[in-house]
Amino acid sequence: MELLAFIGSAMLFTVFALTVLFILVAVSSRLAMLTLLVIPILAVIILPGTSVAFLSYRHFLFADGLVPVNNFHILLIIWSTLMGIIISTEFLTWYLKTGKRKRAGEQRATQSPDIKKLLNAGVLRLRAVLAKRN
Amino acid sequence: MAARKLAILTFILLIFTSSAHAYDFRDENIWIFKGMYELGPGERAELNEFTVKVHTVDTDSNSATLLLYINRDFAESYYVDTGANSEQIYNGELKIDVLDISNGIVSLEVHRQKYERVWITNLAKTSLGIGNSIQDGDYTVKLQDITEEGAKIEVRGDGVTDEDIYISGDHREFSDEFMVHVIYVNKRTQEVSLETLRPGKPKIKIDIVTDKGSYESGETIDYQFIVTNNGSLPLHGLIVSTGSDEADVSEPEMQHSGLDPTKIKNFMIPVTAPVTPVAKTVKIESEVTAYDYKGNPYSGSGQTEVLVEPYISVEKSVEIIEKPDSSVQSGTEEYFRISISVENTADFPTAVTVSDVLDTSLIPYDLENTEWTLMVEADSAREIEYLAKPTFPGKYTFEQAVVQWKDSGKTYTVESGPVEGEYLIHGSRVVVEKYVSPNYALPGEEVEVTVNIINAGSRKVEAKLSDSISRQFTMVSGSNTWEGSLDAGESEDINYVLVTEATGKLDLGAARVDYTDEQDQSGSSSSEKTVLYVDDMTESIASEEVAETVQEYGEDTEIYNDADTADIIPEVGRVEAAGFMVSSFITLFCILAIIPAIAYLYINRVYK
């Protein structure tokens, strides 16, 4: 019975985590973060008895009963994991975008008209050398 | 005429003398064994008026000089040895038989010559006709004939066949164990009245008496060893030997010359109880050895057990003392005076720790704790006296005082006797209890508040209840005020009904009662704070059982249940659960976002 309860809880949490990850990848990280918070909150508000009973269901007792593990703890772990993923994704996205934008801006600022002329002259000279050889 | 009267008187006297003399045959003039003694030089044996003392002992020749005293006056001196001079007789009255002389000790037996009753009637007076016989054990006595000479009687038995002529008053002995005594020969009726006799025997009966069942350490035990001769012959040379496993017997051996039949001899033997740190049972044993006239030994023994208390003892007594009118505090009119006495019966001083556990509602006066360390001198007692104030009136009981000390590295403990009974402290005391029913309600649900005022003191009081209601509540019915008088032990219930629309843990406050007793002593008492849990959940998650328990005891604290949390629905509402989850989410988010936020700020600064 306890194993079945654990499997059921694990399936529910897996579906929840996959949903959030799907939204993260397919839609947006902000919506994923909102989903992460809203689904459990809605469950508690709509079905308080059932939700609280589910979340407070104890699966294990570690350290001779000193550390109980119930669904609330598992939810917090999933929250922290997914939250970490979302925040990391968001941060990396921002970082990469920022770096690319900066580099692009710098290039535009440093390319003066003399250089363009020199480059064009160089290109023409290179074409002439190649024509002579042919 | 005078001569005739004298003749008649003489005749009467002769008749009486004759009958008195008729019973002399029961006694025998014999050497009566008076005891056996082992005496060293200077030691003596006492036998009524005679005293035998060993003067000198010559170990080379195994001889000794004995001195004989009569009524403490020197009478005779004898040279004795184990050979020809082993038997000495003084004036036909006292015989000293020396048995052995060795290692400076003279072993001797003492006998006295005396008429002593030996023969005891076995078959009482019986009349026999000619040809009739009687049987006494192995012996048969038969009347053969009666002639002018007397009665011809035949005695058979135990290898004896005797036929002899008996006249009135005659008696014959057979083998020192059987005697026939012819009382009267009636020639007219041709009958003989006779009786048979046998040598008697002494019989020892022992009784032991002590004056008490338990003694203090080192106390003298009044030990009496009572020897009764229930036999028919006297006992001689009584020697009482006394010993004990723990106690000290100052006279382990006592002597007594003789004990006649039906007589009692009480040996008062001084015994000292041991000094012991723990209560123990001490066994005292005594044995008496005595002899009959032939030197046959008889003995008897007995033992008794007495309880010896530890040498440290403690007594506790409690006394109620009235307070002066001006100092009535805590509603109590009396206080306790507690006396503890520690006694040391040992012959050495002892350091002891006395502890007296008081009820938590008693406060010792001017003392930090009720434990004392004392030195109790030898054979003395120390007194401890202190006052204890009761914090409320009522009945009090007291625990035993405990004394602890060390002896030879071991710790011993002794308790005082129980302090019997209950001690009543007068005064006024009012107890206020406030309940709400149910403890858990929904918004808009009516709850009943009950205030129970109990007069727990011993005086009649005038009481006034003041119980405020928070703004969150609306009074539906009843009243939250009351004023009246309560006799001792009486109680009053005040009920009112409230309703609230607020949710959460709501404080109903504490009820307060101010009172004044008959003696114009005033005081006040308050109940515990009462709490009502109001939840807007549509379904009640509190089990019936838990609600009933809380209602019964009127506790205002949170429900605590030890049941397995895996099997029950926790008692939190949707608001609390959602709030907790949101706060958890935000906390986690903040923690996880710290490092990216720092990195964000740093990178932004670098690119600027």
Quick check on segment A:5-20. Is at least one of its residues within 12 Å of another protein chain (Cβ to nearest Cβ) and not aromatic (Phe, Trp, Tyr)? yes
Among the residues of segment A:35-88, which ones are out of contact with any helix residue (DSSP H, G or I) (no Cβ under 7 Å at 6 or more places or on another chain), at the interface with another protein chain (Cβ under 8 Å from one of its Cβ atoms) and either within 16 Å of B:Gly573 (Cβ to Cβ) or loosely packed, with under 13 Cβ neighbours inside 10 Å (or both)? A:Gly49, A:Ala53
Please specify each residue of segment B:27-52 satisfying the condition of being in a loop (DSSP other than H, G, I, E, B), in contact (Cβ under 8 Å) with a residue 60 or more places away in the chain and either surrounded by 14 or more Cβ atoms within 10 Å (Cβ to Cβ) or on the phi > 0 side of the Ramachandran plot (or both). B:Pro41, B:Asn48
Can you tell me which residue in segment B:152-182 is surrounded by the fewest Cβ atoms within 10 Å (Cβ to Cβ), limited to those that are under 18 Å from B:Gln135 (Cα atoms) and in contact (Cβ under 8 Å) with a residue 60 or more places away in the chain? B:His171
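May I ask you to verify whether B:Ile204 is surrounded by 17 or more Cβ atoms within 10 Å (Cβ to Cβ) and modelled with pLDDT of 90 or more?
Numbers: surrounded by 17 or more Cβ atoms within 10 Å (Cβ to Cβ): yes; modelled with pLDDT of 90 or more: yes.
The answer is yes for B:Ile204.
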Considering only residues that are surrounded by 13 or more Cβ atoms within 10 Å (Cβ to Cβ) and more than 7 Å from every other protein chain (Cβ to nearest Cβ), which ones fall in segment B:588-598? B:Ile595, B:Ala597
Would you confirm, using the coordinates I've provided, whether B:Tyr23 is within 20 Å of B:Pro234 (Cβ to Cβ), modelled with pLDDT under 80 and among the aromatic types (Phe, Trp, Tyr)? yes
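Only one of B:Thr370, B:Thr345 is farther than 20 Å from B:Tyr423 by Cβ, modelled with pLDDT of 85 or more and surrounded by 13 or more Cβ atoms within 10 Å (Cβ to Cβ); which?
On the way: B:Thr370 fails: farther than 20 Å from B:Tyr423 by Cβ.
That would be B:Thr345, the only listed residue that is farther than 20 Å from B:Tyr423 by Cβ, modelled with pLDDT of 85 or more and surrounded by 13 or more Cβ atoms within 10 Å (Cβ to Cβ).
Condition check ((1) assigned to a loop (DSSP other than H, G, I, E, B); (2) aromatic (Phe, Trp, Tyr); (3) surrounded by fewer than 20 Cβ atoms within 10 Å (Cβ to Cβ); (4) touching a strand residue (DSSP E or B) at 6+ places or on another chain (Cβ under 6 Å)) across all residues:
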residue: B:Gln404; (1), (2), (3), (4): no, no, yes, yes
residue: B:Val431; (1), (2), (3), (4): no, no, yes, yes
residue: B:Val436; (1), (2), (3), (4): no, no, no, yes
residue: B:Ile469; (1), (2), (3), (4): yes, no, yes, no
residue: B:Ser477; (1), (2), (3), (4): no, no, yes, yes
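For every residue, the table says whether it meets (1) modelled with pLDDT of 85 or more; (2) under 30 Å from B:Asp507 (Cα atoms).
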| site | (1), (2) |
| --- | --- |
| B:Met375 | yes, no |
| B:Ile384 | yes, no |
| B:Gln400 | yes, no |
| B:Trp405 | yes, no |
| B:Thr411 | yes, no |
| B:Val432 | yes, yes |
| B:Arg471 | no, yes |
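Matching residues to (1) more than 30 Å from B:Leu424 (Cα to Cα); (2) away from chain A (no Cβ under 14 Å); (3) surrounded by 15 or more Cβ atoms within 10 Å (Cβ to Cβ); (4) at pLDDT 85 or above:
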| position | (1), (2), (3), (4) |
| --- | --- |
| B:Asn452 | no, yes, yes, yes |
| B:Tyr496 | yes, yes, yes, yes |
| B:Thr516 | no, yes, yes, yes |
| B:Gln519 | no, yes, no, no |
Report every pair of residues separated by at least 6 positions or lying on different chains whose Cβ atoms are under 6 Å apart, first residue within segment B:584-608 and without any contact (Cβ under 8 Å) to a residue 12 or more places away in the chain, second of a type in the set (Phe, Trp, Tyr). B:Leu588/A:Trp79; B:Pro596/A:Phe91
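Only residues that are part of a strand (DSSP E or B) and under 17 Å from B:Ala456 (Cα atoms): list them for segment B:501-529, please. Quick ask: steps written out before the conclusion?
Taking segment B:501-529 as the starting set, the residues that turn out to be part of a strand (DSSP E or B) are B:504-509, B:512-517, B:522-526.
Matches in segment B:501-529: B:Arg512, B:Val513, B:Asp514, B:Tyr515, B:Thr516, B:Asp517, B:Ser522, B:Gly523, B:Ser524, B:Ser525, B:Ser526.
Which is closer than 22 Å to B:Asn439 by Cβ and under 57 Å from the mean Cα position of the chain (by Cα), of B:Leu498, B:Leu465, B:Leu486, B:Leu506?
Details: B:Leu498 fails: under 57 Å from the mean Cα position of the chain (by Cα); B:Leu486 fails: closer than 22 Å to B:Asn439 by Cβ; B:Leu506 fails: under 57 Å from the mean Cα position of the chain (by Cα).
Within the list B:Leu498, B:Leu465, B:Leu486, B:Leu506, the selection yields B:Leu465.
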If we keep only residues of segment A:89-104 that are at the interface with chain B (Cβ under 10 Å from one of its Cβ atoms) and modelled with pLDDT under 85, then the residue nearest to the chain's Cα centre (by Cα) is A:Thr98
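With the requirement that a residue be outside any strand (DSSP E or B) and over 27 Å from the mean Cα position of the chain (by Cα), what does segment B:349-388 give you? I'd like the intermediate steps shown before the answer.
Our first condition is that a residue be outside any strand (DSSP E or B); within segment B:349-388, this holds for B:349, B:356-361, B:365-370, B:377-379.
Correct list: B:Leu358, B:Asp359, B:Thr360, B:Ser361, B:Tyr365, B:Asp366, B:Leu367, B:Glu368, B:Asn369, B:Thr370.
The rows are residues; the columns are (1) within 30 Å of B:Val572 (Cβ to Cβ); (2) among the hydrophobic types (A, V, I, L, M, F, W, C).
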site	(1), (2)
B:Asn439	yes, no
B:Val451	no, yes
B:Ser491	no, no
B:Thr516	no, no
B:Ser524	no, no
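Considering only residues of segment B:556-587 that are within 17 Å of A:Ile46 (Cα to Cα), at the interface with chain A (Cβ under 7 Å from one of its Cβ atoms) and surrounded by fewer than 19 Cβ atoms within 10 Å (Cβ to Cβ), which is modelled with the highest pLDDT?
If we filter segment B:556-587 for residues that are within 17 Å of A:Ile46 (Cα to Cα), which is where we start, we get B:569-582.
This time we only want the ones that are at the interface with chain A (Cβ under 7 Å from one of its Cβ atoms), so: B:569-570, B:572-574, B:577-578, B:581-582.
Within this subset, residues satisfying the condition of being surrounded by fewer than 19 Cβ atoms within 10 Å (Cβ to Cβ) are B:569-570, B:582.
Numbers: B:Ile569: 47, B:Pro570: 46, B:Val582: 92.
So the residue we want is B:Val582.
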Unmet criterion (only one of (1) without any contact (Cβ under 8 Å) to a residue 60 or more places away in the chain; (2) over 30 Å from B:Pro202 (Cα atoms); (3) not in a loop (DSSP other than H, G, I, E, B)) for B:Glu149: (3)
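If I ask for residues that are assigned to a strand (DSSP E or B) and either in contact with a Lys or Arg (Cβ under 6 Å, 6 or more places away or on another chain) or more than 23 Å from B:Ser526 (Cα to Cα) (or both), which ones from segment B:441-453 would you list? So that I can check it myself, show each step before the final result.
So in segment B:441-453, the residues assigned to a strand (DSSP E or B) come out as B:441, B:446-453.
Listed by number, the residues that qualify are B:Ala441, B:Glu446, B:Val451.
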B:Thr262: surrounded by fewer than 18 Cβ atoms within 10 Å (Cβ to Cβ) and either more than 33 Å from the chain's Cα centre (by Cα) or under 30 Å from B:Trp119 (Cα atoms) (or both), yes or no? yes
Elements of type strands (runs of 3 or more DSSP E) contained in segment B:197-287, each with 2 or more residues being in contact with a His (Cβ under 9 Å, 6 or more places away or on another chain) and of a type in the set (A, V, I, L, M, F, W, C): B:235-244
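Mind listing whichever residues of segment B:95-131 are of a type in the set (Asp, Glu) and either crowded, with 17+ Cβ neighbours inside 10 Å or not assigned by TED's automatic domain parsing to the domain that holds B:Ile32 (or both)?
So the first thing to find is which residues in segment B:95-131 are of a type in the set (Asp, Glu), and the list is B:97, B:100, B:109, B:116.
Of everything in segment B:95-131, those that are of a type in the set (Asp, Glu) and either crowded, with 17+ Cβ neighbours inside 10 Å or not assigned by TED's automatic domain parsing to the domain that holds B:Ile32 (or both) turn out to be B:Asp97, B:Glu109, B:Glu116.
The values are calculated or read from the model by the stated rules, or taken from the named source; none is laboratory data. Since the model is a prediction, treat every value here as computed from it, not as a measurement. Glycine gets a Cβ as well: all are built from the backbone with ideal geometry, and neighbour counts include every protein chain shown.
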